[in-house]
Ligand SMILES: [Zn+2]
């Protein structure tokens, strides 16, 4: 099964897509990469701030439900804290980044990976996320041509990247990412010529959730361990909604093999203990992104 996406389908081809397609190819890719770098810069903010915002929201709920409980200590972040406010600052000296210090990748290179005020190291993670997002934008354009389908594919990749990184950092997959992603998949596949037929997309959303739900309860009943969480079910449901149920077996296979390989290497390098549960989300996300671009060649191996 190859991705069934048809870039000439009416709801993906439009005057805007046609105008973009008329540009020289180099300009198209240049635009895609710059767009990807900028979105990557935003994803870094999402990955860092969204878990903090969610934790605050939970605390506020607990606080409202149990007003007599002692107040937990406030976190180290300012009172107004969302994806836009406050402006990015050095975590060591609180130096607020000026516009030229906030240019994706270029600022990191120009400042040699250090804060301009105090010289503290800036994590290479920021430019790496930006570069990865830029590459995913170029890959979306390459795979799906100058069309809204490429924009949709990139939206899926960017959300998978953010969700995977948050799961890796916090072992938590936020509903505010997985559930809209599921709906977006159903909407993208609503008309003719999406990534899957609407029938396959709805079946994929159901099967993705149920499959991991069953695996979860099997493990829990047989061995008494929780190998993954409900966020993983929702993420696989979202991937099923985008790519159709036919893609799910390959996505899970890639995720399981990649997760096992990562676990073995991490244990061997003493980065984690053997019994420690792995976040499964990053590997599901990788399996979804790979399948988006290459289709399902693994099925050929099994006839
Ligand atoms: Zn600093």
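Laboratory data are not the source of any read-out in this text; all were calculated from the coordinates shown. Values in this document were obtained by computation on a predicted structure and should not be read as measured data. When we count neighbours, we look across all protein chains shown, and the Cβ atoms used for this are built from the backbone with ideal geometry, even at glycine.
Can you give me the relative contact order of the chain as a percent, contacts being Cα pairs under 8 Å and 6 or more apart?
Once divided by the residue count of the chain, the mean separation gives 22 percent.
At a 10 Å Cβ-Cβ cut-off, how would you order 232, 200, fewest neighbours first?
Fewest-to-most ranking of 232, 200: 200, 232.
Could you tell me the distance between the Cα centroids of the stretch 131-170 and the stretch 180-198, to the nearest Å?
Here the answer is 16 Å between Cα centres.
Please label the shape of the stretch 189-303 as rounded, prolate or oblate, based on the square roots a ≥ b ≥ c of the eigenvalues of the alpha-carbon gyration tensor (a/c under 1.5 means rounded; beyond that, a/b larger than b/c means prolate, else oblate).
Judged from the Cα gyration tensor, the stretch 189-303 comes out prolate (a/c at least 1.5, a/b above b/c).
Does the stretch 9-146 classify as rounded, prolate or oblate by the C-alpha gyration tensor (a ≥ b ≥ c root eigenvalues; a/c under 1.5 gives rounded; else a/b over b/c gives prolate, otherwise oblate)? Write down the numbers at each step before the final one.
On the way: a/c = 3.49, a/b = 1.58, b/c = 2.21.
Here the stretch 9-146 falls in the oblate category.
May I ask you to sort 53, 228, 66 by Cβ crowding, counting other Cβ atoms within 10 Å and putting the fewest first?
66, 53, 228
Ranking 254, 206 by Cβ neighbours within 10 Å, fewest first, what do you get?
Ordered by Cβ neighbours within 10 Å, fewest first: 206, 254.
Does the chain come out rounded, prolate or oblate, given a ≥ b ≥ c as the square roots of the eigenvalues of its C-alpha gyration tensor, rounded meaning a/c under 1.5 and, failing that, prolate meaning a/b above b/c?
Judged from the Cα gyration tensor, the chain comes out oblate (a/c at least 1.5, b/c at or above a/b).
Using Cα-Cα distances under 8 Å and only pairs 6 or more residues apart, what relative contact order does the stretch 9-146 have, in percent? Intermediate results must be reported in sequence, preceding the final value.
Details: 102 pairs, mean separation 56.8, N = 138.
About 41 percent, as a whole number.
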